[in-house]
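A short write-up of the structure that comes next.
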Amino acid sequence: MRTGLYPFLTFANISFFCGFIFIPTLFGFVEKTSNNPHNFFGIIPAPAEIKIDGGKSQIETITISHSDELSAFASQLIKETEGFLYKKSVSSNTDILIDTLLGNEEYILNIEATSIIIKGGSKTAVQYAITSLVQMVRHNGFPLPLVSIQDYPCFVYRGKHLDVCRHFFSIEEVKKYLDFMAYYKFNHFHWHLTEDQGWRIEIKKYPKLQDVAAYRNETLIGHYNDTPHKFDGKRYGGYYTQKEIKDLVSFAEGRNIHVIPEIEMPGHALAALAAYPELGCSGGPYKVATKWGVFEEVFCPTENTFAFLYDVLDEVISLFPYKYIHIGGDECPKSSWQKSSVCQKIIKENGLKDEYELQSYFIKKIEKYITSKGRQIIGWDEILEGGLAPGATVMSWRGTEGGIEAARLGHDVIMTPGSFCYFDHYQSTNDKEPLAIGGYTSLEKVYHWKPIPETLEPPYKKHILGGQANVWTEYIQDFRQVEYMAYARGLAMSEALWTTPGDYKEFTGRFLKHNDYWKTKGVNIANHVFELKPKIMAGKGKPVKISFDLPMEKQVWHEWSGNSKLGNEFDLIDKGLHHFSLDATTGTSRSVSVMFNPHLATKAKISMSPSPSEKYPGQGPGSIVNGLTGSENKYGGTEWLGFEGKDLDILLEWKNPEDIRSVNLRFFKAEGQWIYLPSSVEIYASANGKVFEQIRLVDNITSTSKTAEVKIQAVLNGIRFIKIRVNNFGMIPSGAQGAGHKAWLFVDEVVVD
Ligand code: ACM
């Protein structure tokens with residue numbers, strides 16, 4: 001049904017719009033995104049349904065007249081393309097229809113021989129239709145295909161986050177970020193405004209938040225795991241005035257993007273404590289943090305602190321009209337509360353069991369306050385600890401478990417699991433990548449992400465509102481680096497949240513068009529599509545195989561020891577450097593070299609228990625016997641295998657008896673990322689697989705660098721089995737990053753000679 005008729009768009013060569021008549025026979029077939037062989041005309045995220053008959057529209061020029069009724073973003077898009085693909089006209093005789101029978105974000109875009117018709121469920125949906133049309137013209141050009149697109153998102157919450165505390169970005173830069181989001185139909189901007197390293201929102205009642213909390217004395221240079229820590233000696237900071245914030249919120253509204261401010265509590269509060277030390281448990285003095293991580297000093301849950309936070313929230317609520325206020329809740333160490341007699345008194349007086357229930361007490365009080373103002377809280381998944389506040393929406397970041405638990409409790413959930421959604425992770429394993437926090441989250445991995453966990457029972461799936469990409473900026477010093485880290489993967493994320501997951505190769509076709517466009521605009525978008533990603537198969541008792549699954553019809557040159565071969569799959573036989581590159585015409589490829597060092601275990605069969613974590617699976621168990629050595633600096637990627645809080649059993653098996661003289665293992669150490677060396681390693685050997693003899697127990701494993709090796713030498717003849725037990729470090733001690741969690745264990749090559 002029509003509920004409104006807005007005469008604000010005119011398409012030249014277009015007959016009068018007389019209502020949309022759906023004629024199914026006009027179109028040959030309907031295609032769902034998941035297996036559509038076409039390139040969707042360059043639209044990202046790919047539309048939900050497309051009906052085509054293969055014909056071309058005669059339209060060569062689209063003429064559009066402006067109207068105040070369009071969203072600011074739709075008007076901006078039209079303006080940007082004026083004179084390039086469009087001609088401006090003053091006459092207006094074609095309509096865009098608002099049809100409330102369509103969903104709020106649903107639109108129909110119909111391109112016929114001489115007319116274009118748009119129907120949208122709301123002004124937002126009309127913006128999406130215009131975005132799709134502009135993308136089609138911009139990234140695919142004329143002639144337009146005869147097509148009927150009916151499009152709507154899979155998820156109502158499609159978010160991008162930006163941390164402006166670790167590094168600060170100007171309002172103009174944040175606006176660029178919002179424009180990019182709008183172009184890919186994201187609808188929620190999570191603005192992370194307060195942190196240990198800086199408080200970035202003006203609060204008029206507390207001027208020291210501006211004078212003190214907004215600035216740190218200096219900043220850590222290099223990676224947190226590089227010791228000793230070095231600092232740049234330069235004061236750093238800034239904040240947004242309330243006037244700027246209002247302007248930004250209104251800019252976002254013009255793009256149909258809701259802004260969700262995050263005010264972190266009770267942890268990540270060191271900057272606020274530096275300004276107002278009476279809000280901490282020890283009374284200070286405190287300093288705005290100059291390095292990254294989690295800090296022991298947090299808000300003390302006194303009435304004085306709550307009065308401060310209520311005041312802050314009053315000002316925040318007056319600036320941000322959207323229903324959600326994010327209150328953080330993550331990574332709050334309990335040690336300062338354990339030591340504080342005031343906290344112990346609060347625990348006792350309120351019948352709380354421990355400091356975890358004190359955290360829940362804290363969040364529930366804040367939730368009650370925010371609810372009393374007609375708003376709702378979002379918190380990171382730690383807000384489940386000690387009991388979830390009644391109206392809370394949970395942002396699941398430490399994996400999906402928190403989200404699953406919250407959904408089963410009937411709470412809404414936004415999925416942001418680190419290994420898919422953290423765009424501060426590396427997007428390539430290439431050593432030339434700019435410094436990042438760690439991990440490895442490739443474009444392809446993001447593309448294949450499914451926000452609803454498979455283990456979640458059907459009645460609770462409705463609670464998964466959607467997902468969000470998070471851009472933490474410890475290692476992102478300027479906006480060009482935000483573009484590099486967040487934009488390419490943002491395109492993949494937009495499809496994961498909007499469209500049923502489809503074919504990655506097909507996506508790369510669309511991606512490259514968009515990539516070219518942003519490059520010509522001077523945007524520092526990353527392109528890892530042409531990067532060669534070797535798949536290495538090992539540990540099967542056969543030669544190590546290396547293969548390349550390319551998103552285009554290309555072959556790879558393999559060059560080694562004066563030989564060369566073209567193909568997509570190769571056995572690695574000869575010791576030494578093996579070089580792989582795409583044929584010269586592609587030009588944009590990064591080649592890959594591997595140093596292959598075969599040893600006895602590269603021809604063994606491997607099994608292990610448990611399997612590596614799905615967050616750090618390398619290329620399966622064979623990764624640690626493939627003759628390739630994992631990076632000295634990065635634990636993500638294809639070589640290192642990660643195990644979360646578990647001991648590890650490895651079994652190597654040879655077809656024929658072998659004479660063995662040494663067994664070496666390598667481990668990664670990055671205590672800032674919760675990765676610890678093992679407490680001990682036990683090595684056993686057997687000739688028959690039944691009777692095993694312990695060869696060595698190695699404990700006291702230490703290292704001053706990021707890796708440690710355990711080397712044992714022995715004379716072992718006629719051996720067909722080696723068993724290795726690696727004992728996990730155990731609980732991370734208090735005072736360290738990740739205290740109270742079980743340590744991760746990372747293993748790479750097990751070299752047997
Ligand atoms: C988080 O990444 N600490 C939510």
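The values are calculated or read from the model by the stated rules, or taken from the named source; none is laboratory data. Predicted model, so just to flag it, every value in this text is computed and none were measured. Using ideal geometry, Cβ is built from the backbone for each residue, glycine included, and neighbour counts are taken over all protein chains shown. The protein model used for the area step is the full one, side chains on, heavy atoms only, and it has no ligands, DNA or RNA in it. Shrake-Rupley method; radii C 1.70, N 1.55, O 1.52, S 1.80 Å.
Things worth noting here:
- Scanning region 177-200 for residues that are of a type outside the set (Phe, Trp, Tyr), within 30 Å of Thr131 (Cβ to Cβ) and touching an Asp or Glu at 6+ places or on another chain (Cβ under 9 Å) returns Lys185, Asn187, His190, His192, Leu193.
- Region 316-332 residues that are without any contact (Cβ under 8 Å) to a residue 24 or more places away in the chain, paired with ones that are more than 10 Å from the ligand (Cβ to nearest atom) (beta carbon under 9 Å, 6 or more apart): Ser318/Gln242
- Which listed residue, of Ala469, Ala496, Ala486, is away from the ligand (no atom under 16 Å from the Cβ) and either closer than 21 Å to Asp179 by Cβ or not in a loop (DSSP other than H, G, I, E, B) (or both): Ala496
- Residues of region 623-641 classified as outside any loop (DSSP other than H, G, I, E, B) and surrounded by fewer than 21 Cβ atoms within 10 Å (Cβ to Cβ), total: 0
Here is a yes/no grid of residues against (1) in contact with an Asp or Glu (Cβ under 7 Å, 6 or more places away or on another chain); (2) among the β-branched types (Val, Ile, Thr); (3) without any contact (Cβ under 8 Å) to a residue 12 or more places away in the chain:
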residue	(1), (2), (3)
Ile245	no, yes, no
Leu248	no, no, no
Phe251	no, no, no
Gly254	no, no, no
Pro261	no, no, no
Glu264	yes, no, no
His268	yes, no, no
Ala272	no, no, no
Ala275	no, no, no
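- The numbered conditions (1) more than 16 Å from the ligand (Cβ to nearest atom); (2) in contact with a helix residue (DSSP H, G or I) (Cβ under 7 Å, 6 or more places away or on another chain); (3) assigned to a loop (DSSP other than H, G, I, E, B); (4) farther than 15 Å from Leu313 by Cβ are all true for Ala389 except (4).
- Number of residues in region 389-426 that are buried (at least 23 other Cβ atoms within 10 Å of the Cβ) and modelled with pLDDT under 95 equals 1.
- Pair list, Cβ < 7 Å and 6+ apart or interchain, from region 69-90 residues that are modelled with pLDDT of 85 or more to residues that are open to solvent by 30 Å² or more (accessible area, probe 1.4 Å) and part of a helix (DSSP H, G or I): Ser71/Lys123
- Pro617 touching a Lys or Arg at 6+ places or on another chain (Cβ under 6 Å) and open to solvent by 30 Å² or more (accessible area, probe 1.4 Å): no
- Positions within region 400-447 being within 13 Å of the ligand (Cβ to nearest atom), assigned to a loop (DSSP other than H, G, I, E, B) and more than 21 Å from Lys462 (Cβ to Cβ), in sequence order: Phe423, Asp424, His425, Ile437, Gly438, Gly439
- Residues of region 230-282 classified as within 16 Å of the ligand (Cβ to nearest atom) and assigned to a loop (DSSP other than H, G, I, E, B), total: 4
- Matching entry among Lys234, Lys185, Lys230, Lys205 (being modelled with pLDDT of 95 or more and under 30 Å from Leu109 (Cβ atoms)): Lys185
- Qualifying residue in region 363-377 (condition: within 16 Å of the ligand (Cβ to nearest atom) and either under 19 Å from the mean Cα position of the chain (by Cα) or outside any helix (DSSP H, G or I) (or both)): yes
- Residue within region 303-318 that is in a loop (DSSP other than H, G, I, E, B), modelled with pLDDT of 95 or more, more than 16 Å from the ligand (Cβ to nearest atom) and farther than 17 Å from Leu193 by Cα present: no
- From the list Ile437, Ile452, the one residue that fits, being closer than 17 Å to Arg398 by Cβ, open to solvent by 10 Å² or more (accessible area, probe 1.4 Å) and not basic (Lys, Arg), is Ile437.
- Output for region 667-694, where each listed residue is of a type in the set (A, V, I, L, M) and open to solvent by 30 Å² or more (accessible area, probe 1.4 Å): Ala687, Val691
- On the stretch given as region 203-226, residues that are open to solvent by less than 50 Å² (accessible area, probe 1.4 Å) and assigned to a loop (DSSP other than H, G, I, E, B) total 8.
- Residue count for region 700-720 under the criterion of being open to solvent by less than 20 Å² (accessible area, probe 1.4 Å), of a type outside the set (Ser, Thr, Tyr) and over 11 Å from Asp659 (Cα atoms): the result is 3.
- Checked against (1) within 16 Å of the ligand (Cβ to nearest atom); (2) charged (D, E, K, R); (3) over 27 Å from the mean Cα position of the chain (by Cα), Glu355 passes all but a single condition, namely (1).
- Tabulated pairs, region 376-389, first on the phi > 0 side of the Ramachandran plot, second of a type in the set (Asp, Glu) and at pLDDT 90 or above, C-beta under 9 angstrom, 6+ apart or interchain: Gly386/Asp354; Gly386/Glu355; Gly386/Glu357; Gly387/Glu357
- Meets criteria (within 16 Å of the ligand (Cβ to nearest atom) and among the β-branched types (Val, Ile, Thr)) for Val294: yes
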